[in-house]
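Structure first, commentary second.
The values are calculated or read from the model by the stated rules, or taken from the named source; none is laboratory data. What you are looking at is a predicted structure, and each value in this text was computed from that prediction instead of being measured. Positions of Cβ are backbone-derived with ideal geometry, glycine not excepted, and every protein chain shown enters the neighbour counts. What goes into the accessible areas is simple: the full protein's heavy atoms, side chains included, and nothing from ligands, DNA or RNA. Shrake-Rupley method; radii C 1.70, N 1.55, O 1.52, S 1.80 Å.
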Amino acid sequence: MIRRSFFQKTTAALLGLGLTGKVFAQKKNGKRKMKSEICATVEEHKLSFYAEAVKEPITIFHITDTHLFKDDQRGVPFQEFSGRMAKAYNETTHFQTGEKTNPEETFVETLKLAKEADADLITLVGDLFSFPSEIAIEWVLERLKETGIPYIYIAGNHDWHYEGMAGTLEELRDTWTQKRLLPLYQGKHPLMAATDVKGVRFIAIDNSTYQINEDQLTFFKEQVASGMPLVLLVHIPMYAPGKRISFGCGNPNWNEASDTNFEIERRPKWPVSGHTKTTFDFHKEVFSASNLLGVFAGHTHRFSMELIKGTPQIVTDDNASGGYLDVQFLPLENKDKELIAES
């Protein structure tokens, strides 16, 4: 019940009266360009997200950090690298009921709720797996197929990570994406992809190494240039002032000195110099994009909502403990436009 109490307190503090914004202007060719008016309200696991740019209702189920640990004989040769995470989420406490559960049960229940809600899209935003087990990936693909609901997937830092295996983070991500995770991308690029739903474009960008590469930055700029209303999906939250190091994409405090988990996770230490310029440039581009409705992330296993230069970022509680978000994107009605219009 502690987890739910935190969720409720965060909700009350941030969104008790709703989050609204005629969000910050940016200059383009010497002219000021305003972002769209938005309004968001949340009650427990239901988020209503209103925007002028949304023309018809869209329902998505946002799922992150399920941490499935299923394995079989094919995983025996890798137990040296999967042992710690294979035990990490064997039993969890459901964030609503306080009863004992496990990732398989919570994932199946969440998919059931998505089907009952007739969701337009399921967003699987990283750490679906505790390590890249073949049977777990096969099991997820079958469960997703049963729903009949379109989905978009990006990897988290555990999905491709066999702890202690030699190689850089980028090398390990590339290797286990190709060997195991590839079917989940449904033919799209594993590091960057876009899915259009009823006039809104959902962009998935893999930042599971905490960094962004040049191709991803270029891809994001192209999506912004399309003029379509955008929703950004990333596993690791974008940095916001005052947040913990786990909000590690574009975090100026992210570097070797702040890396306290590299030994237990048996991975290379973060670089002394911190983020690349490209990663910082990505952060700037994200929160300067006039057509970006919001950012949805995971990783922290704790619900939060940040407002960065007028753009909301929603971080979802872990699905391993039953967490998810039922998100409604809705048109902003004229009567509500008048309420938040400038005087």
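Largest GNM mean-square fluctuation among Tyr185, Tyr210, Tyr162, using the chain with Cα springs under 10 Å: Tyr185.
Over the chain, Cα pairs under 8 Å with separation of 6+ residues give a relative contact order of 25 percent. Only protein heavy atoms count here; under a 1.4 Å probe, His189 has an accessible surface of about 90 Å². Of the whole protein surface, Lys188 contributes about 80 Å² of accessible area at a 1.4 Å probe radius. Once the Cα-Cα distance is subtracted from the 0.36 nm per residue extended length, the Asp196 to Glu214 segment shows a gain of 4.2 nm. Of the options (i) 22.7; (ii) 23.6; (iii) 20.5, only one is Kirkwood radius over Cα pairs in Å as computed from these coordinates, and that is (iii).
Between Lys100 and Glu170, full extension at 0.36 nm per residue minus the direct alpha carbon distance yields a gain of 21.6 nm.
Rg and Dmax over the alpha-carbon atoms of the range 87-172 stand at 14.5, 44 Å. Taking amide H as placed 1.01 Å from N in the peptide plane, the amide H of Met192 sits under 5 Å from that of Asp206, each at least 5 places away or on another chain.
To the nearest 10, the accessible area of Arg84 is 100 Å² with a 1.4 Å probe. Note on the range 79-232: Kirkwood radius taken over Cα pairs, Stokes-Einstein applied at 20 °C and 1.002 mPa s, translational D equal to 127 µm² s⁻¹. Its relative contact order, with pairs defined as Cα atoms under 8 Å and 6+ residues apart, puts the range 178-337 at 18 percent.
Ranking Gly156, Tyr89, Asn253 by Cα position along the charge dipole of the chain, where only Lys, Arg, Asp and Glu carry charges on their C-beta atoms, puts Asn253 farthest toward the positive end. Dipole check for the chain: with +1 at the C-beta of Lys and Arg, -1 at the C-beta of Asp and Glu, and the Cα centre as origin, the magnitude is about 1140 Debye. With a Förster radius of 22 Å applied to the beta-carbon distance between Glu285 and Glu333, the computed FRET efficiency rounds to 0.10. Ordering 244-251, 149-156, 217-224 by mean Cβ neighbour count within 10 Å, with the highest value first, yields 149-156, 244-251, 217-224. Name the shape class, rounded, prolate or oblate, that the alpha-carbon gyration tensor gives for the range 51-121, where a ≥ b ≥ c are the square roots of its eigenvalues, rounded holds for a/c under 1.5, and otherwise prolate holds if a/b is larger than b/c and oblate otherwise. It is prolate, given that a/c is not under 1.5 and a/b is the larger ratio. Taking Lys and Arg as +1 and Asp and Glu as -1, the other residues whose beta-carbon sits under 13 Å from that of Thr195 total +1. Taking Lys and Arg as +1 and Asp and Glu as -1, the other residues whose beta-carbon sits under 13 Å from that of Arg267 total -3.
Here each label is just a point 7 Å from Cα along the line to Cβ, and for Asp118 and Glu142 those points are 3.0 nm apart. Here the chain carries DSSP beta bridges of which approximately 55% are antiparallel, counting only pairs with both residues inside. Exceedance of the 32 Å cut-off in Cα-Cα distance is limited, within the set Lys198/Lys284; Lys87/Lys112; Lys145/Lys335, to Lys145/Lys335. Along the range 240-254 the Karplus relation, 6.51 cos²θ - 1.76 cosθ + 1.60 evaluated at θ = phi - 60°, assigns HN-Hα couplings of 10, x, x, 7, 5, 5, 5, 7, x, 9, x, 8, x, 9, 7 Hz to successive residues, with x for each Gly and Pro.
Magnitude of the charge dipole for the range 225-325, about its Cα centre and with charges confined to Cβ atoms of Lys, Arg (+1) and Asp, Glu (-1), is about 140 debye. Remark: the range 266-281, residue by residue, has Karplus-estimated 3J(HN,Hα) of 6, 9, x, 5, 4, x, 4, 7, x, 5, 6, 4, 4, 5, 5, 4 Hz, where x stands for each Gly or Pro and the curve is 6.51 cos²θ - 1.76 cosθ + 1.60 at θ = phi - 60°.
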